[in-house]
1. How many of the residues making up segment 973-988 are outside any loop (DSSP other than H, G, I, E, B) and either farther than 23 Å from CYS855 by Cα or modelled with pLDDT under 95 (or both)?
2. Check every one of the strands (runs of 3 or more DSSP E) wholly within segment 324-369 and list those with 3 or more residues that are open to solvent by 20 Å² or more (accessible area, probe 1.4 Å) and touching a strand residue (DSSP E or B) at 6+ places or on another chain (Cβ under 6 Å).
3. Find the residue count for segment 171-221, including only residues that are more than 21 Å from ALA1115 (Cα to Cα), touching a helix residue (DSSP H, G or I) at 6+ places or on another chain (Cβ under 8 Å) and in a strand (DSSP E or B).
4. Please go through segment 995-1009 and give me each residue that is open to solvent by 10 Å² or more (accessible area, probe 1.4 Å) and either within 20 Å of MET902 (Cβ to Cβ) or of a type in the set (S, T, N, Q) (or both), ordered by number.
5. Does VAL196 fit the bill of being crowded, with 16+ Cβ neighbours inside 10 Å, in contact (Cβ under 8 Å) with a residue 40 or more places away in the chain and aliphatic (A, V, I, L, M)?
6. Could you tell me whether TYR316 is in contact with a Lys or Arg (Cβ under 9 Å, 6 or more places away or on another chain) and either over 27 Å from ILE379 (Cα atoms) or buried (at least 18 other Cβ atoms within 10 Å of the Cβ) (or both)?
7. Scanning segment 419-446 for residues that are in a loop (DSSP other than H, G, I, E, B) and among the hydroxyl-bearing types (Ser, Thr, Tyr), which turns out least open to solvent (accessible area, probe 1.4 Å)?
8. Identify, from the list LYS286, LYS291, LYS295, the residue that is of a type outside the set (Ser, Thr, Tyr), at pLDDT below 90 and open to solvent by 40 Å² or more (accessible area, probe 1.4 Å).
Amino acid sequence: MKKFKIRKVLDGLTAVSSSSSATAQPGTPRENDVVPETLQSEHFQLCKTVRHGFPYQPSSMAFDPVQKILAVGTQTGALRLFGRAGVECYCQHESGAAVIQLQFLINEGALVSALADDSIHLWNLRQKIPAILHSLKFNRERITYCHLPFQSKWLYIGTERGNIHIVNVESFTLSGYVIMWNKAIELSTKTHPGPVVHISDNPMDEGKLLIGFECGVVVLWDLKCKKADYRYNYDEAIHSVAWHHEGKQFVCSHSDGTLTTWNVRAPAKPAQIITPHGKQPKDGKKPEPCKPILKVEYKTTRAGDPFMVLSGGLSYDTVGRRACLTVMHGKSTAVLEMDYPIVDFLTLCETPYPNDFQEPYAVVVLLERDLVLIDLGQIGYPIFENPYPLTIHESPVTCCEYFADCPAELVPALYSIGSRQKRQGYSKKEWPISGGNWGQGTQSYPEIIITGHADGSIKFWDASALMLQVLYKLKTAKVFERARGKEEKANTDIVEEDPFAIQTLSWCPESRMLCVAGVSAHVIVYRFSKQEVTTEVVQLLEVRMQCEFGEVDSPDPGGEHTPTLPTPGASSSPQETEPPTHPSIGSNSSDGPRDNIPCLQVRSSPLKQSPGYQVELVIQLVWVSGEPPQPITSLAINSSYGLVVFGNSNGLAVVDYLQKTLLLNMGTSELYSPSDPYQRQPHSPRKARQPSGAPCDSNDGSNTSEDRCKSPTSGSTSPCNSDDERKQKFIDKVKFKSRRFSKTVANDFAKMSRKISSSSEPKPDQEEKFQRWRSLTCRKRFCCMNEGKTAARMSQMNPIYRTKSAPITNAKDNSFSRSRSSSVTSIDRESREAISSFYFCESFPRKTDSLVSPCVLVGTTQGSVMMVALSLPPSGDQRLQQPVGISSCGTLARLKGGILTMALLDATGALLPPSYESWYDPNASDEEKEKSRRRRPASPPSSQEGQDSHFAVLCSEKQAKVVALPSQTRIYKHNITETSFVLRADVVQMAGTNCIACFCANGHIMTLSLPSLRPLLDMNYLPLTDMRIARTFCFSNHGQALYLTSPTEIQRITYSQETCDNLQEMLSELFTPVETPEAPNRGFFKGLFGGGAQSLDREDLFGETAAGKASRSLAQHIPGPGNMEGMKGAASGVVGDLARARVALDERGQKLGELEERTAAMMASAESFSKHAHDMMLKYKDKKWYQL
């Protein structure tokens, strides 16, 4: 796993440059009064952890039948290894070339990969993070096929020239033994046979190698004699070959959809020719050709007929038919349709030995966008239930949120509901890919990932302990009517594709309240319930958001703008209001423009809602005078207050989802106080700026604020009137142009959601191109704005222009939608100001306040942060009857760039999260509701006269500031970046305290301490090469983060030193010690007459002594990384270790035997010596010395 060295930042650093300093204004606390901070740069380290999802653009596959491990290679050079549920591993070839073939060293803990750049690599799988031990790069020939026999150290490599080279996988060196194509084919053949497409050895004779050439020639090569025994010729090209386990027959698949069966000793003609999907003519002629059979496998069973599994071969007249896998067993043929094209398939068998009955039990099918396992042991061939999180891309991901350290009961609650959604009809057997072991992680907190998709679905994932499992799926499109055909498609749609796509969401884990915003300018509020209900009428609230740019000579006198609140009855029953008076027609119709019409139609029939998330309220923005509603750019929900707030380029709206009423509908400019120095009014850059207090949602400047706040369904604005026909035509022309541009931009979002699945090559100048695209968008917008301003001076009745600013154009991209570059033009600075973020809190809305009260922080794309005060009635019945008071309190601060995130700290630096209401089941009894329903206590009113007790943390695309409340004085400021912009920023918990985590477009990940904004981490991790990364990157607590690295995969990373240190323990283990099954018994007669499998001493044939050395220019050996060559255990690879261990064991046994024999000989010699000595003693016992 690649780690990044941290540029340590000295603690207490105060001023180095304007871009790396935190400055304090006069009057800030002295050094000894500053909040003590415990976070240091030593707490941070950056590294990747795990990757989840389906391998993007798969290209090859392999399976270890003993270890039960599946390996998948991709076109981008990635390797994904799968074991039991929760055991996954990701590794990457540095070259990025496509993986064309994979070969396991079965039960050895090693894997050989062959790439499209003509290199082969040996991976060590015995470590948790696999690493390359050896590499071999071919220089003169292109690799087309590889074959590694079971329990062999010699790898056969076929090339495009038709030659076969042999590699020792222990040392990764080439043997001098080469099979040349001109020696393999007949001398009389005048044409080149083509590339090698197949290599395999005879299951019963390792000395016979079967070589398949693309032209249709198959050669049985005798390795010992170095000559061809038999040659088999067929007119059609070969795609694959499969042996019968007895080694007497093999089957070839051809390009015309035929299967030919050959007897080894009868090369003259095939023993059988069949066309599985061809129509058999009655006159006995040759069947019509079919599509190529790309692969065939021939597996035998001990008790029944063999299985023949093949892909492709369908008839050409099956136009539009999906890819199929054909299973032929005995007289039955089953055709299994797949959802996506087949990349590869493997038949899983009980034995790893090719010379034994195979006993197949499953087929694993690798599709372009899915992985399927078919059970061969049950009737109908059902599929296994896949335990891996491979359905992230079921519909393109449009937004993503990450929640670490959630309430403990959330995961079980979501799982219990989601388990009822599972499909039926799966195989009853357990998932057969069951290798590896889980990691011993120390993380105990639950983690949840939420993904929003282009089809309107939302998925909840359990991401705890570096695993990923889908918990629950919510389909938001069920709320709306679906058009059954093109003729029924609503002409009010602002997007042509994916009108239900999720744009952003807000979730409260404690109360389980969920609020989602879609691309069709709709917001849906959900409650979580464990009981099923049927909703007769879906509660609907239509909101009319518009913005008028009129010229006002002089603003109202100074003072804070506090709009009067409407009465609850004005919009408490939206279903009882009169329908819109304008028909749903096109803008070029003579009857008039569309008005008060939503983009989607809420279903009118009763809605059956299963346990889980159930619709509480649907909010829809409506067309205004022929102009489509602007997409929603920001969203927030608060369960304690019962409020939902959302905003777009026109302003913001506050909805009480308990009373089902619209509380506030205000333009962005109205949030500023009339005397506010930051107040903005869009105008032409050629004119001097003039302050304007024109209301945003009114027909003219005389409308009262009560009219602005009224429910949009309670009335409509008066039509536009003008005495000058020429001016009116000009107005209509501007409307038409701006509407076309707005609809085009909205369609761009939907198209992006569909194109998310397409391949995206890394582009270093992606950021520069994005800036150019934005500048073009700004110029288009400015043209519309100028025309709109001219028309506004002509008639100040209805809005005349409605276009999306650049942030709105990318509104679907979440954090990326608010991006601003340092080279932003003056035209861009004059663009319409949109709402970019919200934050509910309990603080001091005004400088004069001494008591905390509920309020909302509102951030805009121009860097303004405003306070909106809330006045809530008492809880209980009064909360459902009395209105909620709202007042704008003016600007709190101004930053460079759009506001990304906001938070609130107390006087000790602790985070003050938004208040919430604990979850209760809305369909339970009243007694149960009261037991579980309790509001989180509000912050105590701790402010004293002249003393600040809260710190507001504000972060934009360029800066971060900390503002003291209630004095509203800036105490810290930090310029995050000058040359780039921040894509995503979050205030997160880390090591028991808080910090700001930022991800910039230039690829840097940074963290800042709170509240002093000291830089703690600054690493260049991931340059922005894809809009997908910008849209989905998100931080979470405890140093966790993630992003969508491809359309199908989620990459999780950590910026915590502690997690990096414990990563080895947390990761799963692929290799587990397993005994290799015993070889099949040859039987008495086969052993007596030599009919069993014949072994081959490949070392004598391929070794340097017999075959010599290969040409040095043919291939280059590259040692693996990490000084593996210096380690004795990895000097010659994993196979070498095992081979040496076996040899050492044999030598030890042999030496022990020799020692035993020598010991016995010594004992016999000692006995003989003793006997001779005794005889000599008896012979000379009674003789005198002189008698000797």
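The values are calculated or read from the model by the stated rules, or taken from the named source; none is laboratory data. All of these numbers come straight from a predicted model, not from anything done at the bench. Glycine gets a Cβ as well: all are built from the backbone with ideal geometry, and neighbour counts include every protein chain shown. Calculation scope for accessible area: heavy atoms of the full protein, side chains included, ligands and nucleic acids excluded. Shrake-Rupley method; radii C 1.70, N 1.55, O 1.52, S 1.80 Å.
1. The total comes to 6.
2. Answer list for segment 324-369: 332-337, 342-349.
3. Of the residues in that region, 5 qualify.
4. ASN1002, MET1006
5. The answer is yes for VAL196.
6. yes
7. Per the criteria, the residue is SER427.
8. Every option except LYS286 fails the conditions.
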